[in-house]
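Structure record follows, encoded as structure tokens.
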Amino acid sequence: MKNTLRVNNVIKPFNRKISVEGDKSLSIRWVLLASLSKKKSIAYNLLKSEDVLSALKCIKKLGSKVKLKKNSCEIFGTGLSYNFKEKLILDAGNSGTLARLILGLLINTKKEVTLIGDRSLSKRDFSRVTSPLKKFGMTFKSKNGKLPLTIFGSKKPASIDYFENRGSAQCKTAVMFAGLKSSGITNIKAKKSRNHTELLFKYLKIPIKIRSTRKYDFIKLKRINYINPLNYKIPGDISSCAFFIVLTILAKNSQLFIKNININPSRTGLITILKKMGANIKLLNIKKYKGEKIADIFVKSSNNLKGINCSSALNSSAIDEFLVIFLVAAKSKGVSIFKNLAELNEKESPRLQWGSKILTELGIKNISNKNSIKIYGNPKISITKKIKVNNFLKDHRVFMMSVIAALTFGGKWEISDLDSIKTSFPSFLKILKSVMH
Ligand code: S3P
């Protein structure tokens, strides 16, 4: 079985320099925003993963022209109104971000569109975006509020007041996108979440007003008539880098230098949490790029890790990293508590459940419910048993978490669905091999 990875040995000490692929959130946002400009946009270091390739296929169907080259990607967009003659089907593959964001852009579609996705995406909740979009005037047909979803745009979408209370950047962005094509002023009160869309709007000179408090962002925006092209060098993805940060922290006598990573504060919960747990991480060469913050990350094996009672205020800035944070908790002295994490079960797989399951396989006592997990760490953790990981809805992050656990804690592992890495981090194994040799 080629699609199963076997790991039988822990990783030897290493001292390496790596870089990871482009940020997924920024790559998908670049594709969608570039599709709205009539002029040519160019991106460098665009993530060429299945999620981003699905985004490119969708905008092509909607009328954009795409030239994907070895080191760059060019998009010749349609302008704000998409340009297609017959009703069509858009396939978002595995990508919740693409599926939810593109719905906002289809607010005024004149022809019927059906949005579909893979098995994992078809299990996920879409009412969180269809509810606000219906208030703009869009209508939807679906069996259970999930994909496949048939979409009918509104002739005259009208702005709304929207309260986003999950801390979901996908919901916030879908509404921001719809607001660009709707009459009146769209007012959003959003629980803090990643703010790439806001930064890109500002860079593109889209009129947007933002007021922030500790817990919420208040956003005001209105209809625009055109959008400038967007040239962008996409920095490395901290969510991909997270697997290598944790690998280094948990490995013996190792160090790693990771170049050019997006350290937007709305994404760096991982670093804040791990530092509080005693991890040895430094941010170097910090600079600004088009509103985003970028740095090199230097990380070393960390021996005196301690448990954490993690503040829920950090949840949204570490939302994609909790699985590997749980591995650090497994090796820490004392108990760790992570709460208000129901959203983790809304991801590509029910990740809070998967985290708990893998910790139990590792012999780490943990108590979890729908919302939280308590982990009883063991600094001496070392295992020899056989562990099989499968049937995880091909969740790329469950796959990569399992590989890191195998390489740091030991055991004889058989992990299925190696191809799941293609959705977010196709070069994961190649980079891992370069660290190992
Ligand atoms: C994303 C937002 C997060 C995150 C996802 C990417 C984005 O989802 O989990 O991987 O690019 O906006 P939610 O907004 O649903 O929390």
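Each value in this text was obtained by applying a stated rule to the coordinates, not by laboratory testing. Here the structure is a predicted model, which is why all the values come from computation and not from measurement. When we count neighbours, we look across all protein chains shown, and the Cβ atoms used for this are built from the backbone with ideal geometry, even at glycine.
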message = Is there a quick way to get the dipole size of the chain? I mean about its Cα centre, with the Cβ of Lys and Arg at +1 and of Asp and Glu at -1; what is the value in debye to the nearest 20?
response = 640 debye
query = What is the magnitude of the charge dipole of region 24-233 about its Cα centre, with +1 placed on the Cβ of each Lys and Arg, -1 on the Cβ of each Asp and Glu, and no other charges, expressed in debye to the nearest 20?
reply = 320 debye
request  = Would you be so kind as to identify which of VAL324, THR384, PHE201 lies farthest towards the positive end of the dipole of the chain, taking Lys and Arg as +1 and Asp and Glu as -1 on Cβ and the Cα centre as origin?
outcome  = PHE201
query = Which order do VAL389, VAL246 fall in if you start with the one that has the fewest other Cβ atoms within 10 Å?
reply = VAL389, VAL246
note = Checked region 24-233 with the C-alpha gyration tensor, a ≥ b ≥ c its square-rooted eigenvalues, rounded below a/c of 1.5, otherwise prolate if a/b is larger than b/c and oblate if not; verdict rounded
message = For a quick check: sort ILE160, ILE261, ILE286 by the number of other beta carbons within 10 angstrom, fewest at the front.
response = ILE286, ILE160, ILE261
query = Separation of region 314-370 and region 1-67 by C-alpha centroid, Å?
reply = 26 Å
request  = Using 0.36 nm per residue of separation minus the Cα-Cα distance, give me the extension gain between LYS333 and THR213 in nm, one decimal.
outcome  = 39.7 nm
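Could you grab the relative contact order for the chain? Cα pairs under 8 Å, six or more apart, rounded to a whole percent.
Details: 1003 pairs, mean separation 79.2, N = 437.
The value is 18 percent.
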query = Which value at 222 nm does the chain reach when only helices count, each DSSP H run of 4 or more adding -39,500 (n - 2.57), with the total divided by all residues and rounded to the nearest 500 deg cm²/dmol?
reply = -8500 deg cm²/dmol
task = Would you work out if region 316-414 is rounded, prolate or oblate? Take a ≥ b ≥ c from the square roots of the eigenvalues of the alpha-carbon gyration tensor; rounded if a/c is under 1.5, else prolate when a/b is larger than b/c, oblate otherwise.
result = oblate
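At a 10 Å Cβ-Cβ cut-off, how would you order THR150, THR408, THR248, fewest neighbours first?
On the way: THR150 14, THR408 23, THR248 29.
Exposure proxy ranking, most exposed first: THR150, THR408, THR248.
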key: Residue (of PHE152, TYR289, ASN228) at the positive-pole extreme of the chain, dipole from beta-carbon charges   = ASN228
ask   = In percent, what relative contact order does region 254-300 have, based on Cα pairs under 8 Å that are 6 or more apart in sequence?
value = 55 percent
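Can you classify the chain as rounded, prolate or oblate using the Cα gyration tensor, where a ≥ b ≥ c are the square roots of its eigenvalues, rounded means a/c under 1.5, and otherwise it's prolate if a/b beats b/c and oblate if not?
Details: a/c = 1.74, a/b = 1.69, b/c = 1.03.
Verdict is prolate for the chain.
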